[in-house]
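The values are calculated or read from the model by the stated rules, or taken from the named source; none is laboratory data. Not measured: the values here are computed from a predicted model. No Cβ is skipped: glycine too gets one built from the backbone with ideal geometry, and neighbour counts run over all protein chains shown. Heads up: the accessible areas ignore ligands, DNA and RNA and are worked out on the full protein's heavy atoms, side chains in. Shrake-Rupley method; radii C 1.70, N 1.55, O 1.52, S 1.80 Å.
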Amino acid sequence: MASSPVLLLATILLAATSVQARRDSLPPPPAPAPAPAPTSSAPGDGQCTLDGVAELGVCTSLRLGGLGRTSTAARDLCCRRVRGKPIANTVACLCTVFWPFNARSRADVANDVNDILSICGKARVPDPVCLQG
C-alpha cells in the first residue's frame with residue numbers, strides 16, 4: 001500500500017515537470033503593439049482645438065461689438081490669447097469663431113480674422129483660408 005501513494009506522488013511530479021518543460025519551450029508572447037501616433041496637431045500647423053475656439057471666443061466682442069463699444073479688458077484678454085498662439089493656429093481658431101456670424105461670406109470671415117490680428121498688433125494674413133461647412 002505504501003507504494004501506491006509514492007506512485008501517485010511520482011506521477012504528479014512527472015506531470016508537473018512535463019507542463020513546466022512545455023511552457024519553457026513555447027515561443028515568447030508577441031511584443032505589444034506600439035502606441036498609435038497622437039492625433040492632436042503639432043503647434044503651429046493651422047489646426048484648432050476646441051480649447052482654442054473657447055479661448056478665442058472672447059475676440060468676437062471686439063469685432064462684432066465694434067472697438068468703440070468694447071472694454072479695454074476684453075481687448076487685452078483677446079490679444080493675450082492671440083499672441084500666445086502660433087499664427088496658423090490663431091487664424092484657424094478665429095475662422096472657426098467668426099464662421100457662425102458670417103456663414104454667407106468667407107471674405108467677411110477673413111476680414112474679421114485680419115481685423116483681430118491688426119487690433120492685437122499681429123501682421124495681417126493675406127487671404128486667410130477659412131473653409132467651413
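Brief remarks follow.
- Subset of the range 51-106 (residues that are at pLDDT below 80, open to solvent by 60 Å² or more (accessible area, probe 1.4 Å) and assigned to a helix (DSSP H, G or I)): Arg63, Leu64, Leu67, Gly68, Arg69, Phe101, Arg106
- Within the range 110-129, the residues that satisfy the criterion of being within 18 Å of Cys79 (Cβ to Cβ), aliphatic (A, V, I, L, M) and not in a loop (DSSP other than H, G, I, E, B) are Val113, Ile116, Leu117, Ile119.
- Filtered by the rule that a residue be farther than 25 Å from Thr72 by Cβ and among the basic types (Lys, Arg), the range 83-109 gives Arg104, Arg106.
- Of residues in the range 107-130 being small (Gly, Ala, Ser) and open to solvent by 40 Å² or more (accessible area, probe 1.4 Å), the one modelled with the lowest pLDDT: Ala107
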